[in-house]
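*Asks:* Input: one structure, supplied below.
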Amino acid sequence: MSLRKKKAASVIEYAIIILLVINIIVSGVAIAYISGVSSSISELSTKVDTLSDTVSTNFKSISSDLSSIAEQIGGITGVVINLTKPPAPGAAFKEKEIKIGLVEPLTGGYAVFGTEAADAAKLIVEDINSKGGIHNLKGARLTLVIEDSKSTVDGAKLAAQRLVSVEHVPIIVGAYISRHTGGMLEVTEPERVIVVTDALVDYLTEKGNYIFRVCPKNSAHAITNVNFIYEMLKRSGIDPSTVKLAIINEDSIFGKMGALAAQERATLLGMHVVDHIEYPYDITDMTGIVSRLMQEKIDIVICHPYFQDALLFARTVHDLGWKPMFIAGQGACGFADPESIKAGGEYVNYITQTYSYDNSKIAKYNQWFVSEFEKRYGKKPTEAGGIISYSLWTIKEVLELYGKMFPEDEKLDPDHLRQAFLSIDITSGPAADLYPTGRIKFNEIGENQYGGAVVVQVIDGKPYLVWPPAGAQREAVFPRPDWTPTG
């Protein structure tokens, strides 16, 4: 301790002692008064006067010392206050940029999805950075690093490997196709790299500790779809238990699980599933399948396709002249997106499809995003772009929370990052505006507890949100106006 600090301490101690002595004397005076000892009062009074003079002289002598050390004491007090005050968010953070990896099918059979996802990612990252980056991490900017999965499992794994080992990204978004995402997790999990998936198969979030899903899972699509069919039958005055249902699906794990969830939901609601047909995802002829459904006099077909198979089914139904009561797609692929409508034409009219994103949702940021995306890319964003948009904004909010939760971290820690994901609860702002249900909160396995899909129907060549009713653009056309009852 310096001489000046010692002097300051001694002066303060001396002042305290003097005050204690005065207190004792005054107390003695009070006691003497109560006891009625008047002579003692006179004697003590004289002593108090004498001591008061001494104290006055001493305080005058130290007043200049107190003044000289006031600034120093104030400085010391400030240090103490700063030591007890929590550090500011991201106080120790040293990174100027945070890399976000994006793995999508940019070439190959699924490029239609991956291209839109990449376009949306570029737009959203640009917007986040234009708004100041991650405020609670000293304004760190997001840097998007895009890799092509080439529409294969091996391609997704190689893309993830490069992002992990070369780019050292802490977070990867992707890879749209469920089996591709599963392969990617083999690379990311051992390295504790967070994956925010835009794939739908339910079990993906059970394959590791560092995977999260904002979009509604596959079974949520199936439940939404069957609930929609059930309610539309009741509204139309048709007993759901009297209708013949058939479920068809492509044979990947995506199609299998979606079909199973639809069958379970239909059975629970007392609906009758007459047939379940599974076909190769790369099927080129559906004549046999449609003929079989016609022979069974199926009323409603629940179809869980990808893209080309959806268009093939719709075209075959048209070519064979079959007019069922309804065709309801689920799983966010085919039928009602702009590319399917463009390719399918009149074949897809009145067919519905479930989606993880609603570009018609009336919310401030969603409306901005749709307008800006259309201005930049010449079309409205749909499933792939929508999922990426709210997934990236969720990541942004998680990083903001990270800065508050772990202000002493100099760089992102994967386990702390995981804790931030598990702690987030988004009910407002861009992510909530973009998300169908308006809320994002993860459970212990990384699944959004408030996931929900919407139903879009093609009516006169245009897509309209028809379910849920609260956000519907118009009433669904149900049954199909060209339906020919088989009796």
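The values are calculated or read from the model by the stated rules, or taken from the named source; none is laboratory data. This structure is a prediction, so every number in the text was calculated from the model and none was measured. Ideal geometry is used to build each Cβ from the backbone, glycine not excepted, and the neighbour counts take in all protein chains shown. Please note that ligands, DNA and RNA were not included when accessible areas were found on the heavy atoms of the full protein model with its side chains. Shrake-Rupley method; radii C 1.70, N 1.55, O 1.52, S 1.80 Å.
*Asks:* Going by the structure shown, is Ile124 in contact with a helix residue (DSSP H, G or I) (Cβ under 6 Å, 6 or more places away or on another chain) and under 16 Å from Leu399 (Cβ atoms)?
*Replies:* It is true that Ile124 is in contact with a helix residue (DSSP H, G or I) (Cβ under 6 Å, 6 or more places away or on another chain) and under 16 Å from Leu399 (Cβ atoms).
*Asks:* Out of curiosity, is Lys396 in contact (Cβ under 8 Å) with a residue 12 or more places away in the chain and either open to solvent by less than 50 Å² (accessible area, probe 1.4 Å) or among the aliphatic types (A, V, I, L, M) (or both)?
*Replies:* For Lys396, the condition - in contact (Cβ under 8 Å) with a residue 12 or more places away in the chain and either open to solvent by less than 50 Å² (accessible area, probe 1.4 Å) or among the aliphatic types (A, V, I, L, M) (or both) - is met.
*Asks:* Could you tell me whether Lys323 is open to solvent by 30 Å² or more (accessible area, probe 1.4 Å) and not in a helix (DSSP H, G or I)?
*Replies:* Judged against the criteria, Lys323 is a match.
*Asks:* Could you look through the stretch 411-465, keep only residues that are in a helix (DSSP H, G or I) and closer than 30 Å to Ser340 by Cα, and pick out the one that is nearest to the chain's Cα centre (by Cα)?
*Replies:* Ala431
*Asks:* Residue check, Lys364 against (1) in contact (Cβ under 8 Å) with a residue 40 or more places away in the chain; (2) of a type outside the set (Gly, Ala, Ser); (3) open to solvent by 20 Å² or more (accessible area, probe 1.4 Å); (4) within 18 Å of Val455 (Cα to Cα), all met but one. Which one?
*Replies:* With (1) in contact (Cβ under 8 Å) with a residue 40 or more places away in the chain; (2) of a type outside the set (Gly, Ala, Ser); (3) open to solvent by 20 Å² or more (accessible area, probe 1.4 Å); (4) within 18 Å of Val455 (Cα to Cα) applied to Lys364, the lone miss is (4).
*Asks:* Applying the selection to the stretch 232-259, what residues are over 16 Å from Asp299 (Cβ atoms), out of contact with any helix residue (DSSP H, G or I) (no Cβ under 8 Å at 6 or more places or on another chain) and surrounded by fewer than 23 Cβ atoms within 10 Å (Cβ to Cβ)?
*Replies:* Asp251, Lys256
*Asks:* Can you tell me which of Val153, Val166, Val193 is of a type in the set (Val, Ile, Thr) and in contact with a strand residue (DSSP E or B) (Cβ under 9 Å, 6 or more places away or on another chain)?
*Replies:* Val193
*Asks:* Right, something else. Among the residues of the stretch 109-140, how many are of a type in the set (Gly, Ala, Ser) and modelled with pLDDT under 95?
*Replies:* Result for the stretch 109-140: 2.
*Asks:* Identify, please: which residue in the stretch 440-480 is of a type in the set (Asp, Glu) and free of Cβ contacts under 8 Å to residues at least 24 places away in the same chain and is, among those, most open to solvent (accessible area, probe 1.4 Å)?
*Replies:* It comes out as Glu444.
*Asks:* Does Ala343 count as assigned to a helix (DSSP H, G or I), open to solvent by 40 Å² or more (accessible area, probe 1.4 Å) and either within 16 Å of Phe113 (Cα to Cα) or of a type in the set (S, T, N, Q) (or both)?
*Replies:* Yes, satisfied.
*Asks:* Also: Restricting the search to the stretch 226-251, which residues are over 30 Å from the mean Cα position of the chain (by Cα), in a helix (DSSP H, G or I) and of a type in the set (D, E, K, R)?
*Replies:* Result: Lys234, Arg235.
*Asks:* Can I ask one more? Out of Ala332, Ala328, report the one residue that is touching a Ser or Thr at 6+ places or on another chain (Cβ under 8 Å) and part of a loop (DSSP other than H, G, I, E, B).
*Replies:* Selected residue: Ala332, the only one of Ala332, Ala328 that is touching a Ser or Thr at 6+ places or on another chain (Cβ under 8 Å) and part of a loop (DSSP other than H, G, I, E, B).
*Asks:* If we scan the stretch 350-357, do we find a residue that is buried (at least 18 other Cβ atoms within 10 Å of the Cβ), at pLDDT below 95 and in contact with a strand residue (DSSP E or B) (Cβ under 9 Å, 6 or more places away or on another chain)?
*Replies:* For the stretch 350-357, residues buried (at least 18 other Cβ atoms within 10 Å of the Cβ), at pLDDT below 95 and in contact with a strand residue (DSSP E or B) (Cβ under 9 Å, 6 or more places away or on another chain): absent.
*Asks:* Scan the stretch 432-439 and give yes if some residue there is touching a helix residue (DSSP H, G or I) at 6+ places or on another chain (Cβ under 9 Å), open to solvent by less than 30 Å² (accessible area, probe 1.4 Å) and farther than 19 Å from Glu116 by Cβ, otherwise no.
*Replies:* yes
*Asks:* Looking at the stretch 260-285, which of the residues that are among the hydroxyl-bearing types (Ser, Thr, Tyr) and in a loop (DSSP other than H, G, I, E, B) is least open to solvent (accessible area, probe 1.4 Å)?
*Replies:* Checking each candidate, the answer is Tyr281.
*Asks:* Can you tell which of Ile248, Ile277, Ile283 is among the hydrophobic types (A, V, I, L, M, F, W, C) and in contact (Cβ under 8 Å) with a residue 40 or more places away in the chain?
*Replies:* After applying the criteria, what remains is Ile248.
*Asks:* Ok, one more. Could you check how many residues of the stretch 406-423 are in contact with a helix residue (DSSP H, G or I) (Cβ under 6 Å, 6 or more places away or on another chain) and open to solvent by 60 Å² or more (accessible area, probe 1.4 Å)?
*Replies:* Summing the residues that are in contact with a helix residue (DSSP H, G or I) (Cβ under 6 Å, 6 or more places away or on another chain) and open to solvent by 60 Å² or more (accessible area, probe 1.4 Å) in the stretch 406-423 gives 0.
*Asks:* Now, a different point. Could you please find all residues in the stretch 286-310 being open to solvent by 10 Å² or more (accessible area, probe 1.4 Å) and either closer than 23 Å to Ala261 by Cα or touching a residue at least 12 places away in the same chain (Cβ under 8 Å) (or both)?
*Replies:* Thr287, Ile289, Ser291, Arg292, Met294, Glu296, Lys297, Asp299, Tyr306, Phe307, Gln308
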